[in-house]
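What follows draws every value from the coordinates through simple rules; no lab data is involved. Remember, predicted model here, so these are calculated numbers, not experimental data. Glycine gets a Cβ as well: all are built from the backbone with ideal geometry, and neighbour counts include every protein chain shown.
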Amino acid sequence: MRDVLMALIAGLIVGMLFKFLKLPLPAPPVFSAVVGVFGVYFGGILLDWVLKVIQH
């Protein structure tokens with residue numbers, strides 16, 4: 001959980017710094033793109049879990 005909190009804090013700092021410097025944000029422009037990234041990540045985790053269940 002600490003890793004998630006640290007990643008969130010780092011992301012907030014980077015986002016504020018980019019906005020302050022009037023640079024484009026280094027992130028997907030819409031929420032659906034962010035959800036897609038989570039989907040890819042959790043899809044990989046789900047496949048690992050399914051393969052472990054099948055092997056045992």
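Cβ separations smaller than 9 Å between residues 6+ apart or across chains give the following pairs from region 28-49 residues that are closer than 19 Å to residue 11 by Cα to residues that are assigned to a helix (DSSP H, G or I): 28/34; 28/36; 28/37. Checked against (1) part of a helix (DSSP H, G or I); (2) surrounded by 10 or more Cβ atoms within 10 Å (Cβ to Cβ), residue 3 meets all criteria but (2).
Condition check ((1) among the small types (Gly, Ala, Ser); (2) surrounded by 10 or more Cβ atoms within 10 Å (Cβ to Cβ); (3) assigned to a helix (DSSP H, G or I)) across all residues:
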{"position": "19", "(1), (2), (3)": "no, yes, yes"}
{"position": "23", "(1), (2), (3)": "no, no, no"}
{"position": "28", "(1), (2), (3)": "no, yes, no"}
{"position": "37", "(1), (2), (3)": "no, yes, yes"}
